Amino acid sequence: MRSVKIKVPATSANVGPGYDIFALALAEPYDEIELVLNDTGKVSIEVINDIQNIPTNPSDNTAGLAALGLLKAKAIKEGVLIRIIKNMCSGGGMGTTGASAAGTIFGLNHLFDLNLTANEMIDYARQGEVASGGSPHADNVAAAILGGFVLVKSYHPIDVLKLEIQEIPVVLAAIRKSLRTTRGFITYEIGQEKLKEQMARCSRVIHALHTHDLEEFGNAISVDYIHEPVRGAAIPNYWEIKKKVMEMGAYGCTISGGGSSVIAFCPEYLQHEIAEYMNREFSSNPNFTQVYQTFTSNQGVQIS
């Protein structure tokens with residue numbers, strides 16, 4: 001086999017308090033990755049539907065960087081063209097860079113019959129995230145590969161647990177970041193009391209998923225002391241809109257991944273109403289793209 005085409009879901013990382021350790025997969029939107037082997041001995045990148053100036057230098061692209069690492073580690077000399085077919089906007093906290101890296105590693109594992117474990121694929125894919133955010137975080141790539149809700153149990157070594165979750169209705173306002181990454185502005189000096197509350201809320205998220213308690217899940221994800229204060233400040237009217245979405249009956253509302261997209265979990269009968277409200281309120285933001293009405297998904301990356 002000399003080529004393969006992969007479908008990779010959008011993901012929402014952090015899920016409130018789980019900074020760099022929680023993420024979940026969404027049914028829509030998704031990107032597609034096509035890998036074509038060749039005899040050049042090089043990795044090359046092609047982007048279809050690119051309206052965001054995505055880097056095509058392999059070392060500056062998450063898919064390319066991940067591929068370079070895997071091919072070097074496995075002493076593979078063949079070249080590969082990575083064709084990224086964009087169906088969702090980059091730079092909005094929907095895990096698009098992680099999707100590119102995850103899909104590429106999954107595809108290379110398939111083409112070269114490497115028999116990598118899920119944790120090994122996640123470990124190779126997360127190295128690609130350095131190209132976009134400067135950090136090899138594993139949450140987005142893990143959710144993209146495994147689907148469902150993922151918990152990074154350990155970074156040394158990488159060990160990820162997937163939880164199968166019920167289908168939860170989601171409203172996602174896709175908003176691109178004005179900065180490439182906001183990680184450098186986040187402080188971890190949150191104090192003892194907030195640290196204890198953060199840890200407690202992480203525990204509540206897992207408990208809520210095990211007991212299928214969506215109200216508890218929403219409550220637990222709606223407070224974060226690490227990244228939300230920084231990223232929320234960069235989204236005009238974020239706090240007011242979040243408060244209103246909660247008053248409308250959403251289970252929970254928070255920032256999706258690295259921002260600036262905003263994600264709400266709600267009863268299905270409220271999806272359209274909340275989507276219309278978020279579309280109206282965010283429409284004046286020049287970085288706003290669209291509102292998605294979708295669901296959480298237990299399906300990760302797959303051959304299309």
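Summing Lys, Arg as +1 and Asp, Glu as -1, what charge do residues with Cβ under 14 Å from the Cβ of residue 112 carry, residue 112 excluded?
Counting the neighbours of residue 112, the net charge comes to +1.
Calculate, axis by axis, the spread of Cα positions in the chain along the three principal axes, and write the results as whole Å, longest axis first.
Reported extents, whole Å, longest axis first: 58, 38, 35.
Once you have the Cα-Cα distance between residue 51 and residue 189, take 0.36 nm times their residue separation minus that, and quote the gain in nm to one decimal.
This chain segment gains 45.9 nm when fully extended.
Tell me, in nm to one decimal, what length is gained between residue 118 and residue 166 on full extension, where the rule is 0.36 nm per residue of separation less the Cα-Cα distance?
15.1 nm
Quick one: check the C-alpha center-to-center distance for the stretch 232-278 versus the stretch 59-86, whole angstrom.
Using only Cα atoms to place each centre, the spacing works out to 36 Å.
Using modelled backbone amide H atoms (1.01 Å from N, in-plane), which distant-in-sequence or interchain residues come within less than 5 Å of residue 42's amide H?
Sorted by chain and number, the residues that satisfy this are 79, 80.
What are the extents of the Cα atoms of the stretch 169-295 along their three principal axes, in Å, largest first?
Taking max minus min along each principal axis of the Cα atoms, the stretch 169-295 gives 39, 36, 21 Å.
Placing unit charges on C-beta atoms (Lys and Arg positive, Asp and Glu negative, everything else neutral), compute the dipole magnitude of the chain about its Cα centre in debye, rounded to 20. Please report the intermediate quantities before stating the final value.
Numbers: 25 positive and 32 negative charges, 140 e Å.
So the dipole magnitude of the chain works out to roughly 680 debye.
Roughly how many whole Å is it from the C-alpha centroid of the stretch 119-172 to that of the stretch 92-108?
10 Å
Counting other C-beta atoms within 10 Å, which of 212, 110 has the fewest, and how do the rest follow?
Result, fewest neighbours first: 212, 110.
Evaluate the distance, in nm, between pseudo-label points positioned 7 Å from the Cα of residue 272 and of residue 72 along their respective Cα→Cβ axes.
5.3 nm
Using Cβ counts within 10 Å as a stand-in for footprinting exposure, how do 253, 202 rank, fewest first?
Ranking 253, 202 by Cβ neighbours within 10 Å, fewest first, gives 202, 253.
Among DSSP beta bridges whose residues both lie in the chain, state the antiparallel percentage, nearest 5.
90 percent
Scan around residue 168 for amide H atoms under 5 Å from its own, H built in the peptide plane at 1.01 Å from N, and keep only partners 5 or more places away or cross-chain.
296
Regarding the stretch 211-261, what's the average projected area of the Cα-atom convex hull, expressed in nm²?
Details: hull surface 14.8 nm².
If I average the Cα hull's projected area over directions, I get 3.7 nm².
Is the stretch 1-112 rounded, prolate or oblate when judged by the Cα gyration tensor, a ≥ b ≥ c being the square roots of its eigenvalues, rounded requiring a/c under 1.5 and prolate requiring a/b larger than b/c?
prolate
For the stretch 12-22, what does the Karplus curve 6.51 cos²θ - 1.76 cosθ + 1.60, with θ = phi - 60°, yield as ³J(HN,Hα) per residue in whole Hz, taken in order and with x for Gly and Pro?
10, 9, 6, 6, x, x, x, 4, 6, 10, 10
Residue by residue through the stretch 286-294, which ³J(HN,Hα) values in whole Hz follow from phi under the Karplus form 6.51 cos²θ - 1.76 cosθ + 1.60 (θ = phi - 60°), with glycine and proline marked x?
Once rounded to whole Hz, the list reads x, 9, 6, 10, 6, 10, 9, 10, 9.
At residue 155 and residue 42, where each label point lies 7 Å from the Cα along Cα→Cβ, what is the point-to-point distance in nanometres?
Taking the two extended label points, one gets 3.4 nm.
Add +1 for every Lys or Arg and -1 for every Asp or Glu among the other residues with Cβ under 12 Å from the Cβ of residue 198, and state the total.
Neighbourhood net charge equals 0.
So, counting K/R as plus one and D/E as minus one, what does the shell of residues with Cβ under 12 Å around residue 300 add up to?
Value of the local net charge: +1.
Tell me, in nm to one decimal, what length is gained between residue 1 and residue 60 on full extension, where the rule is 0.36 nm per residue of separation less the Cα-Cα distance? Walk me through the intermediate numbers first.
Working: separation 59, 0.36 × 59 = 21.24 nm, distance 2.76 nm.
So the extension gain works out to 18.5 nm.
Expressed in nm², what is the orientationally averaged projection area of the convex hull enclosing the Cα positions of the stretch 130-170?
3.6 nm²
So how do 271-280, 131-140 stack up, highest first, on mean other-Cβ count within 10 Å? Mind showing how you got there, number by number?
Values: 271-280: 16.9, 131-140: 22.5.
Ranking, from highest mean packing down: 131-140, 271-280.
When a footprinting reagent is the concern and you count Cβ atoms within 10 Å, what order do 106, 288 take, fewest first? Kindly include the intermediate steps, with their values, before the conclusion.
Working: 106 27, 288 22.
Neighbour counts put them in this order, fewest first: 288, 106.
Every number in this text was worked out from the coordinates using simple rules, so none of it is lab data. Predicted model only: the values in this text are computed from it and were never measured. All Cβ positions, even for glycine, are placed from backbone atoms using ideal geometry, and neighbour counts span all protein chains on display.
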